[in-house]
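Down below is the structure, laid out as structure tokens.
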Amino acid sequence: RIYTGLYQSQGERLCSVLPDQHISVAAWIGQLEERVGNPATTPILLLGNDLRIHRQTFLDADSALQFQFGHAEQNLPDVVYMGRVAAKQIEAGHLTYEAEDVEQFQPHYLRMAEAEVKWLAKQQEGRA
């Protein structure tokens, strides 16, 4: 299974096309096939630390999609670049930042941590 999302470049912005999710590679390829108009002219750039694990699965897929793979340095988050992008978004009014909201920030997790899953299962067993 992979953590993934589909984004499309629109000028200097990346816009979400398919939401971030935790999904099998086969199911993800199916979603991409449904979403991408002409696979022959729309290559999909795959980025991420785990591409070394999943690369062959994408290459072996029975799909007309054209997959491209990012270089090693593209697969790691660059905090300086992310900061510059965020600053541009704030300047353009596409992103707001209010210091008093920082403590209210709630991350969006796509699935629970393994330890939390085990703890919840143990709690359920204790109630049964």
Cut-off 10 angstrom, C-alpha nodes, Gaussian network model of the chain. Which of 80, 17, 36 fluctuates the most?
80
Region 1-58: relative contact order in percent, alpha carbon pairs under 8 Å with at least 6 residues between
27 percent
At what distance in nm do the modelled label points of residue 15 and residue 60 sit from each other, each positioned 7 Å from its Cα along Cα→Cβ?
3.7 nm
How large is the helix-only mean residue ellipticity at 222 nm for the chain, computed as the sum of -39500 (n - 2.57) over DSSP H runs with n ≥ 4, divided by its residue count, in deg cm²/dmol to the nearest 500?
-11500 deg cm²/dmol
About the Cα centre, and with charges only on the beta carbon of Lys, Arg (+1) and Asp, Glu (-1), how big is the dipole of the chain? Nearest 20 debye, please.
340 debye
Return one whole number: the accessible area per residue of region 1-119 in Å², for a 1.4 Å probe.
79 Å²
For region 1-98, listing trypsin sites (Lys or Arg not before Pro) in a DSSP loop whose Cβ sees at most 15 other Cβ atoms within 10 Å gives 1
Gained length - residue 26 relative to residue 8, 0.36 nm times residue gap less alpha-carbon distance:
4.4 nm
Could you grab the relative contact order for the chain? Cα pairs under 8 Å, six or more apart, rounded to a whole percent.
18 percent
At a 1.4 Å probe radius, carbon and sulfur cover how many percent of the accessible area of the chain?
52 percent
Could I have the simple spin-label model distance between residue 34 and residue 73, label points 7 Å from Cα toward Cβ, reported in nm to one decimal?
3.8 nm
Once exposed loop GluC sites (Glu not before Pro) are cut out (DSSP; at most 12 other Cβ, 10 Å), longest piece of the chain
13-97
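The values are calculated or read from the model by the stated rules, or taken from the named source; none is laboratory data. The structure presented is a predicted model; accordingly, all values stated were derived computationally and were not measured. Glycine also receives a Cβ, built like all others from the backbone with ideal geometry; neighbour counts cover every protein chain displayed. Accessible surface is based on the protein model in full, side chains and every heavy atom, while ligands, DNA and RNA are left aside. Shrake-Rupley method; radii C 1.70, N 1.55, O 1.52, S 1.80 Å.
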